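The next block holds one structure in the form of structure tokens; read it before the comments.
The values are calculated or read from the model by the stated rules, or taken from the named source; none is laboratory data. Just so it is clear, the model here is predicted, and its values are computed rather than measured. Cβ atoms come from the backbone with ideal geometry, glycine included; neighbour counts cover every protein chain shown. For accessibility, only protein heavy atoms count, side chains too; no ligands or nucleic acids. Shrake-Rupley method; radii C 1.70, N 1.55, O 1.52, S 1.80 Å.
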Amino acid sequence: MKNITKLLLGLTLLMVFAVSCAKGGNDGEKDSKGNVEVPVKPKKVVVFDYGVLDIMNELGIEAEIGTAVQNLPSSLEKYKKSLDAGSLHEPNFEKLNEFAPDLIIISARQEKSYDELSKIAPTLYMGVNPDKYIASVYENIRTIGKIFGKEKEADEKVAELTKEVEEVKGLTAKFDKRVLMALTNDGKISAYGAGSRFGFVFTDLGLKSVDEKIKVSTHGQEINYEYIAEKNPDIIYYVDRAKIAGGSKDGGDVLKNSLVDGTNAGKSGKIVALDPVTWYIVAGGFNSTKTQLNEIKASLK
């Protein structure tokens with residue numbers, strides 16, 4: 001009887017989540033990993049996704065945290081003294097084994113390490129789906145809320161973001177301008193369309209892409225000045241990867257070109273720099289999504 005009671009108690013302390021990991025290459029492909037049992041209110045958690053860590057911070061989750069501390073953005077500086085779990089691409093398995101976490105949370109950058117991490121602790125994939133980015137953010141907020149007993153707070157945060165999303169969509173519904181979403185990387189320029197890393201500005205927010213045939217890939221479709229001149233966007237949004245990954249060429253300088261200046265965006269001064277940490281490093285979080293929405297909203301007014 002005592003053993004049965006212990007078994008039932010154990011079952012109430014576990015939740016089962018479906019977990020999937022993105023394959024390398026195409027942002028939109030998913031490879032199902034099946035179901036994973038996740039402990040309720042885990043005490044020791046390793047988080048390799050800064051967007052999820054942002055959500056946990058916003059919900060006031062109290063747990064002993066391990067993360068990639070070397071590249072922490074300033075918004076998550078409070079976790080600087082957490083266990084150094086390795087880099088975003090290379091987990092430190094020795095330290096993780098010593099830490100003995102109750103739960104490990106990963107996203108696409110750690111997909112290759114999924115099987116090995118799963119041997120250490122239940123490993124939950126919580127990346128965002130570029131085809132339904134905002135819905136993925138909502139799902140991740142609610143999942144964290146469910147795991148840590150913060151369901152009410154999670155619902156409130158989702159409602160807050162929903163209001164912001166609807167406000168942006170109210171602006172884009174009347175907005176007929178064409179947009180180029182770009183990433184500059186130390187002199188190179190890539191374009192992103194629907195279904196890509198930054199594609200939610202089109203699929204979720206309703207902006208119109210300057211090119212409906214942009215190839216979907218992790219690093220975007222490489223383009224040149226002639227392409228930009230030919231497509232003639234009304235707005236160019238760009239994320240300067242060199243500011244976070246290192247490089248000698250500033251994104252603003254890369255886009256200072258006579259062909260770019262001759263576009264509608266260049267003539268009207270609508271070449272808009274987006275915060276690279278928010279869009280490239282902490283994407284999928286609560287505050288980062290709010291910042292993204294506010295940056296787009298401000299550019300449309």
Checked pairs for region 156-173, first within 13 Å of K297 (Cβ to Cβ) and without any contact (Cβ under 8 Å) to a residue 60 or more places away in the chain, second part of a helix (DSSP H, G or I) and open to solvent by 50 Å² or more (accessible area, probe 1.4 Å), C-beta under 6 Å and 6 or more apart or across chains, list as none
Name the pairs: first residue in region 216-240 and more than 27 Å from N294 (Cα to Cα), second residue open to solvent by 50 Å² or more (accessible area, probe 1.4 Å) and of a type in the set (A, V, I, L, M, F, W, C), Cβ to Cβ under 7 Å, at least 6 apart or on different chains?
Y225/L259; E226/L259; A229/L259
Among the candidates A121, A100, residue that is of a type in the set (A, V, I, L, M, F, W, C), in contact (Cβ under 8 Å) with a residue 12 or more places away in the chain and on the phi > 0 side of the Ramachandran plot:
A100
Might you let me know whether region 259-277 holds any residue that is modelled with pLDDT of 95 or more, under 30 Å from E139 (Cα atoms) and surrounded by 22 or more Cβ atoms within 10 Å (Cβ to Cβ)?
yes
Within region 225-241, can you find the residues that are open to solvent by 10 Å² or more (accessible area, probe 1.4 Å) and under 24 Å from A108 (Cα atoms)?
Y238, R241
Tell me, yes or no, whether region 207-217 has at least one residue that is closer than 23 Å to S136 by Cα, surrounded by fewer than 22 Cβ atoms within 10 Å (Cβ to Cβ), hydroxyl-bearing (S, T, Y) and modelled with pLDDT under 95.
yes
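Would it be correct to say that V128 is within 30 Å of A159 (Cα to Cα), assigned to a loop (DSSP other than H, G, I, E, B) and in contact (Cβ under 8 Å) with a residue 12 or more places away in the chain?
When the stated conditions are applied, V128 passes them.
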Total residues in region 174-186, condition within 9 Å of V254 (Cβ to Cβ) and open to solvent by less than 30 Å² (accessible area, probe 1.4 Å):
1
So, E212, is that one touching a residue at least 24 places away in the same chain (Cβ under 8 Å) and charged (D, E, K, R) or not?
no
What tally of residues in region 55-76 results from selecting those that are crowded, with 24+ Cβ neighbours inside 10 Å and either under 19 Å from N97 (Cα atoms) or acidic (D, E) (or both)?
3
Looking at this structure, is S248 modelled with pLDDT under 95 and among the polar types (S, T, N, Q)?
yes
Of all residues making up region 282-301, the number that are open to solvent by 40 Å² or more (accessible area, probe 1.4 Å), assigned to a helix (DSSP H, G or I) and not small (G, A, S):
5
Please find, within region 142-160, the residue that is surrounded by the fewest Cβ atoms within 10 Å (Cβ to Cβ) out of those that are in contact with a Phe, Trp or Tyr (Cβ under 9 Å, 6 or more places away or on another chain) and more than 19 Å from P39 (Cβ to Cβ).
E160
